[in-house]
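Inspection log for the structure reproduced underneath, given as structure tokens.
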Amino acid sequence: MIYFDHAATTKMSDASLQVFMAASRDFFANSESLHDAGTKSAALLEKCRESFAELLQVPNRGILFTSGGTESNQIAIQTLLHTTEKKEVLVSPLEHASVWQQLMALEQAGKCRIKELPVDSFGQVNPAVLEKMISAETGLIIIQHVNSEIGTIQPIAELAHIAKKAGVFFHTDIVQSFGKLDLDLSDVTSFSISSHKIYGPKGAGILFMKPDSPLQAVLPDVHHEFGFRPGTINVPAIAAFTTAAYDIMENREQEAIRALKLKAAICDTLETRVKVEGGPNTSPFILGLTLPNMQGQEALLALNEADIQISTTSACSLRDLAPSRTLIATGKTTEEANRFIRLSFGKENELNDSVIFKAEIDKLLRKR
């Protein structure tokens, strides 16, 4: 099997799986319990928090453990809008479904007003345009670092600096870039990370919120994660997540080079009728393609028969019948958006996978 769907999820690494099993056995107690077993779990949890603070070069106090990227995004949005009286939200159209779901629910409840940032045909947000769109009513800006469908990389450091100068909260989703690309998060108010995108277990993630910001928790009388998250903390998953994070950071540069070579090999052999999306500034790990003569879902099923696993869009949007918001924002028609497929690469992929993919995709295109 060739698995080209790492942007959706990754297989747990052996090291992460071993830590998860050992921690499930030895650190099973609730980290809030006052007995010795609970104290033992709490100590491991804090060790994991310290480890991530070191990896990310941020204060320990700002790291909140969550169930993943979706919950991290949604807690951030709820908290930041609850903290500020300004209710205008500037948001890129390329955001993950979890961001749009939360914002639309809040807008319907009269708790925010959404203003969509324009992007170019590659999905890029222009910093000068962002600066002009910030108004006296802007309370929050949301722009992800790497888009999960076409791989567009946003200039987050520059965009976040504009927000900071204007005194506006800035949240970024770094789910597709943590452990893969260089990051400058110094002016970001909050960011989200997901464990299962980096060979860790599902059900674990991080929300970082700057502890020097006077943030107000939405729910009263919550005691977990500095009062921002209800529910028992999954200590074994967080321990395994920490292991996966150290591993991916250690091999980050080599893996980016490997992924870029594979992506280039695939692009170099594609028919000219196949359009590569996202432009020149995209993640080495994500390749979005628009096919000339067949539906993306049809291609997915045919490639699946050849034991090649791809996607047509973000896994969190697959059951949404509406065309991809990302593709429409970059100028695609609905018909064009329906001809889109995504390949996303990981450590199991080898350069020879490009040869096999070329043979199969050429076979499909010749049939039409």
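The values are calculated or read from the model by the stated rules, or taken from the named source; none is laboratory data. The structure presented is a predicted model; accordingly, all values stated were derived computationally and were not measured. When we count neighbours, we look across all protein chains shown, and the Cβ atoms used for this are built from the backbone with ideal geometry, even at glycine. Please note that ligands, DNA and RNA were not included when accessible areas were found on the heavy atoms of the full protein model with its side chains. Shrake-Rupley method; radii C 1.70, N 1.55, O 1.52, S 1.80 Å.
Below is a table of values for the structure above.
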read-out: Selection from the range 104-129 of residues that are more than 16 Å from Arg325 (Cβ to Cβ) and among the β-branched types (Val, Ile, Thr); value: Val129
read-out: Leu289 being open to solvent by less than 60 Å² (accessible area, probe 1.4 Å), touching a helix residue (DSSP H, G or I) at 6+ places or on another chain (Cβ under 8 Å) and under 28 Å from Pro155 (Cα atoms); value: no
read-out: Subset of the range 77-92 that is outside any helix (DSSP H, G or I) and open to solvent by 10 Å² or more (accessible area, probe 1.4 Å) - its residue that is farthest from Ile153 (Cα to Cα); value: Glu85
read-out: Single residue of Ile162, Ile198 found to be without any contact (Cβ under 8 Å) to a residue 40 or more places away in the chain and either under 22 Å from Lys347 (Cβ atoms) or open to solvent by 10 Å² or more (accessible area, probe 1.4 Å) (or both); value: Ile162
read-out: Residue among Phe178, Phe170, Phe208, Phe191 that alone is surrounded by 18 or more Cβ atoms within 10 Å (Cβ to Cβ), in a loop (DSSP other than H, G, I, E, B) and hydrophobic (A, V, I, L, M, F, W, C); value: Phe178
read-out: Count of the range 14-53 residues which are surrounded by 19 or more Cβ atoms within 10 Å (Cβ to Cβ), not in a helix (DSSP H, G or I) and not hydrophobic (A, V, I, L, M, F, W, C); value: 1
read-out: Evaluation of Leu300 against (1) under 23 Å from Leu181 (Cβ atoms); (2) surrounded by 16 or more Cβ atoms within 10 Å (Cβ to Cβ) (one fails), failing number; value: (1)
read-out: Positions within the range 93-129 being under 16 Å from His171 (Cβ atoms), open to solvent by 70 Å² or more (accessible area, probe 1.4 Å) and polar (S, T, N, Q), in sequence order; value: Gln101
read-out: Residues located in the range 255-275, provided they are under 21 Å from the mean Cα position of the chain (by Cα) and either hydroxyl-bearing (Ser, Thr, Tyr) or exposed (fewer than 14 other Cβ atoms within 10 Å of the Cβ) (or both); value: Ile257
read-out: Sole exception among (1) small (Gly, Ala, Ser); (2) open to solvent by 30 Å² or more (accessible area, probe 1.4 Å); (3) assigned to a helix (DSSP H, G or I) for Ser186, by number; value: (3)
read-out: Test: residue in the range 40-53 that is among the small types (Gly, Ala, Ser) and at pLDDT below 95; value: yes
read-out: Where Gly200 falls short, out of the listed (1) in a loop (DSSP other than H, G, I, E, B); (2) closer than 25 Å to Ser148 by Cβ; (3) more than 15 Å from the chain's Cα centre (by Cα); value: (3)
read-out: Top-ranked residue in the range 325-368 [being without any contact (Cβ under 8 Å) to a residue 24 or more places away in the chain and outside any helix (DSSP H, G or I); ranked as least open to solvent (accessible area, probe 1.4 Å)]; value: Thr333
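Rundown of residues vs (1) under 18 Å from the mean Cα position of the chain (by Cα); (2) assigned to a loop (DSSP other than H, G, I, E, B); (3) not aliphatic (A, V, I, L, M), yes/no style:
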position	(1), (2), (3)
Val58	no, yes, no
Phe65	yes, no, yes
Ser98	yes, no, yes
Gln102	yes, no, yes
Lys115	no, no, yes
